[in-house]
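The values are calculated or read from the model by the stated rules, or taken from the named source; none is laboratory data. Fair warning: this is a prediction, and the values are worked out from it, not measured in the lab. Ideal geometry is used to build each Cβ from the backbone, glycine not excepted, and the neighbour counts take in all protein chains shown.
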Amino acid sequence: MRKFLTYFFALWVLALVTGVSVAGLRGSLSRKPPLEVFPDMDRQPKLRPQTTTKFAGFADGLSSRLPVAGTVARESARELGEFQTGKKADGAWVDAMPVAVNREFVQRGRERFGIYCAPCHGAAGDGNGVTTKFGMAAVAKLHDERLIKMSDGEIFNTISNGKNLMLPYADKLDPQDRWAVVAYVRALQLSRLGKKEEIPDAVRSTPK
C-alpha cells in the first residue's frame, strides 16, 4: 500500500509540475521558438514582395505582380464614372443608360437575363421563375409600377450589389453586360405595358 501511495504521489507531483510549466508560462516572453504540436498552417511558403522567385509560372522571375487586366481597387470605387456605378457625380442615380442601345445590345441582355435572372424573375419578368417552385416566394415582378419608375442607374446598382434576398452579380457580369440586362428589363416592361400607339410606324408595319 505504501509503495502504491508513493507512486501515486510521484505521478501527482509530476502532473502538477507539467501543468504549471505549460499553463503557468503562457504569455511570457522567450527567445526560443515555441513548441508547435499543431502548427495549423502557421508556417507557409510565400513570396515576399520585391524579390525574385523561381516559380515556373512567372517567366520574369519577379515576385511582385501587376494587377490582372481590368482590376479595380475597392477603395477607388468613388472615382469611377456612371458606366461602372450607375451614379452621377453628385451621387444621384443616372436616369438613362450611358451606353448606346441597339438590337444586338438588347439581345445580349436577353441572353444574360436568361442565364442569371430568369431562374428567379421568370423569362417574362413576372416573378414566376423556377425557384418559386422550391419555396422562394419573395421575388420582385419587373412589371410592378415601383420598378418601372425606378431609374436605370438604380436597377444597374441592384444588379451589381444585390438587394434583400437577391445576391450581387457584379462578380459574374461586367458593367457592359449589366447595362445590357437593364436594357432588356426595359424591353420586357414595354412588351407587357406598352401601348400600340407608342410603337413607331416603321416598326409596327414590320412583319413578325
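When only residues in segment 167-188 that are over 19 Å from the mean Cα position of the chain (by Cα) and farther than 15 Å from Ala118 by Cβ count, which is surrounded by the most Cβ atoms within 10 Å (Cβ to Cβ)?
Once the filter is applied, the top-ranked residue is Ala183.
Only one residue in Ala124, Ala100, Ala140 is under 13 Å from Val185 (Cβ atoms) and modelled with pLDDT of 90 or more, so which one is that?
Step by step, each of Ala124, Ala100, Ala140 is checked, and only Ala124 is under 13 Å from Val185 (Cβ atoms) and modelled with pLDDT of 90 or more.
Where the second residue is modelled with pLDDT of 85 or more and the first is of a type in the set (Asp, Glu) and lies in segment 120-144, which pairs have Cβ atoms under 6 Å and are six or more apart or on separate chains?
Matching pairs, first to second residue: Asp126/Lys141.
Testing Asp40 on (1) assigned to a helix (DSSP H, G or I); (2) modelled with pLDDT of 75 or more, one condition comes back false. Which one is that?
Failed condition: (1).
Determine, yes or no, whether Ser76 is at pLDDT below 80 and either part of a loop (DSSP other than H, G, I, E, B) or surrounded by 10 or more Cβ atoms within 10 Å (Cβ to Cβ) (or both).
For Ser76, the condition - at pLDDT below 80 and either part of a loop (DSSP other than H, G, I, E, B) or surrounded by 10 or more Cβ atoms within 10 Å (Cβ to Cβ) (or both) - is not met.
Is it true that Thr52 is at pLDDT 80 or above, surrounded by 10 or more Cβ atoms within 10 Å (Cβ to Cβ) and either aliphatic (A, V, I, L, M) or farther than 28 Å from Asp171 by Cβ (or both)?
So Thr52 fits the description; yes.
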